[in-house]
Amino acid sequence: MKAAVLKGPGLLELDDLPDPLCPKGGALLEVKACAVCGTDVKMREQGHRDLSYPRVLGHEMVGRIVEIGANSHLAEGDQVQVWPGIACGKCRPCQRGADNRCPDIKIMGFNCDGGFAQLLALPEQSLSGGVNLLPHRDDPALVALAEPLACCINGQEQACVSKGDRVLIYGGGPIGALHALLAELHGAEKIIVAERLPGRIHLLERHTCAVVVNPAEESGETVLAAEIGRAGVDVILTATPEVRMDNDLLKLLSPGGRICIFSGPAPGNYEERIDLRSIHYHELTITGAYGCSSRQNRQAVELLTSGMIKADWIVTKRTNLARIEDAFSHSAQRTGMKSVVLI
């Protein structure tokens with residue numbers, strides 16, 4: 001089979017690999033679409049703490065089952081979306097529905113092979129809750145957005161985003177856009193997105209109800225004063241690593257406000273002194289979010305396939321496996337939103 005293999009930082013090559021065998025109790029998937037995540041771009045350029053080489057990247061996957069073991073609710077020919085986690089299913093986090101926190105979790109495209117390949121072997125653990133049937137032959141490129149949307153669901157659950165909230169999102173790329181759509185679905189009273197790139201600003205203004213501001217032109221304090229007065233926002237979601245986690249950020253929150261550190265902060269932005277008294281007196285919450293659970297992944301598939309969240313506009317580049325470098329360049333250069341490799 002053809003596969004895009006990362007052999008080291010900056011060394012992404014299209015290789016011929018042996019076709020994988022169908023695992024006992026698992027399935028063999030013919031990959032139809034795999035989206036490029038910002039983490040994929042980072043891994044290609046710098047590596048990642050959960051990455052091992054050589055590796056077939058890709059963790060936002062849709063495909064068709066071509067071989068499957070007996071005693072499954074799925075069948076050959078089924079189109080499915082795949083949660084990239086392979087959890088043990090037995091530990092305390094797994095038993096409590098937080099399988100993304102499994103201490104022994106493996107992640108396709110990180111420490112086992114992922115979806116930038118013609119075929120993908122799915123282990124038995126994946127079939128117990130990590131593979132979602134798509135009965136309506138939905139657009140694979142659209143459904144490939146389910147995993148990043150599920151990550152946003154996780155972040156907004158951690159930050160308790162709910163009806164009437166005023167939400168500030170730093171970063172208006174694919175993740176910021178999905179956060180804006182999800183916050184709107186949750187009934188947020190006001191959504192403000194901070195984004196610098198004109199093309200993304202245009203898309204956000206056209207397809208979301210968010211107020212989009214350019215932080216290069218206006219400070220956060222000025223924008224919030226104009227939009228909501230001196231009250232502050234209820235929730236801050238960081239959808240870019242370029243946010244400094246400091247006391248100035250805390251000052252943008254209303255009493256009872258929550259910050260979700262969604263994107264991993266860039267070096268220099270995460271070792272700051274924080275005034276714990278302001279957290280105490282104003283009942284503030286700082287939380288993190290990393291990945292998504294299989295439950296959140298199933299929920300994201302339903303939101304996309306039902307049309308409750310309309311996100312097709314986020315896919316701004318489609319290409320094939322032979323031109324995967326075009327997809328990575330589109331994402332790395334931020335010329336649009338999301339790039340998807342159709343295989």
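The values are calculated or read from the model by the stated rules, or taken from the named source; none is laboratory data. Keep in mind it's a predicted model, so treat the numbers as computed, not measured. Because the Cβ atoms are built from the backbone with ideal geometry, glycine has one as well, and the counts that use them run over all protein chains shown. What goes into the accessible areas is simple: the full protein's heavy atoms, side chains included, and nothing from ligands, DNA or RNA. Shrake-Rupley method; radii C 1.70, N 1.55, O 1.52, S 1.80 Å.
Details
- Annotation for segment 158-199: trypsin sites (Lys or Arg not before Pro) lying in DSSP loop with at most 16 further Cβ atoms inside 10 Å of their Cβ are Lys163, Arg196.
- Rg/Rh (Cα only; Kirkwood hydrodynamic radius) as it applies to segment 50-93: 1.04
- In terms of its C-alpha gyration tensor, segment 24-116 has an oblate overall shape, because the principal axis ratio a/c (a ≥ b ≥ c, square roots of the eigenvalues) is not below 1.5 and a/b does not outweigh b/c.
- Whole-number D in µm²/s for segment 230-282 (Stokes-Einstein; Kirkwood sum over Cα pairs; 10 °C, 1.306 mPa s): 138
- Prolate/oblate/rounded call for segment 170-232, Cα gyration tensor, a/c under 1.5 rounded: oblate
- Solvent accessible area, Å² - Thr208, 1.4 Å probe, full protein context: 20
- Here segment 255-317 is treated as a Stokes sphere of Kirkwood radius computed over C-alpha pairs; at 37 °C and 0.692 mPa s its diffusion coefficient rounds to 216 µm²/s.
- Sorted largest first, extent of segment 141-252 alpha carbons per principal axis (Å): 40, 30, 24
- Filter on Lys106/Lys338; Lys2/Lys42; Lys7/Lys310; Lys190/Lys338; Lys90/Lys163 - keep pairs with C-alpha separation over 32 Å: Lys7/Lys310; Lys90/Lys163
- For the chain, built as a Gaussian network whose Cα springs stay under 10 Å, the top-fluctuating residue of Gly97, Gly109, Gly229: Gly229
- Of the residues Lys90, Lys338, ranked by 1.4 Å probe accessible area with the largest first, the sequence reads Lys90, Lys338.
- Each helix, a run of at least 4 DSSP H residues, gives -39500 (n - 2.57); summed and divided by the residues of the chain, these come to -7500 deg cm²/dmol at 222 nm.
- Loop-exposed chymotrypsin sites (Phe, Trp or Tyr not before Pro) per DSSP, neighbour cap 15 Cβ within 10 angstrom, longest uninterrupted part of the chain: 1-269
- From the coordinates shown, Cα extents along the principal axes in Å corresponds to which of (i) 93, 48, 36; (ii) 60, 41, 38; (iii) 70, 51, 35: (ii)
- List Cys88, Cys160, Cys151, ordered by accessible area with a 1.4 Å probe, largest first: Cys160, Cys88, Cys151
- Projected area averaged over orientations for segment 72-190, convex hull of C-alpha atoms, nm²: 9.1
- Neighbour cut-off at most 10 other Cβ (10 Å), DSSP loop, trypsin sites (Lys or Arg not before Pro), segment 239-329: Arg273
- Annotation: His48 carries an accessible surface of approximately 40 Å², with a 1.4 Å probe and no ligand, DNA or RNA atoms counted.
- Under the Karplus curve 6.51 cos²θ - 1.76 cosθ + 1.60, θ = phi - 60°, whole-Hz ³J(HN,Hα) for segment 77-87, x wherever Gly or Pro sits: x, 5, 8, 9, 10, 10, 6, x, x, 10, 9
- Solvent-accessible area of Asp246 with every protein chain in place, 1.4 Å probe, in Å² to the nearest 10: 30
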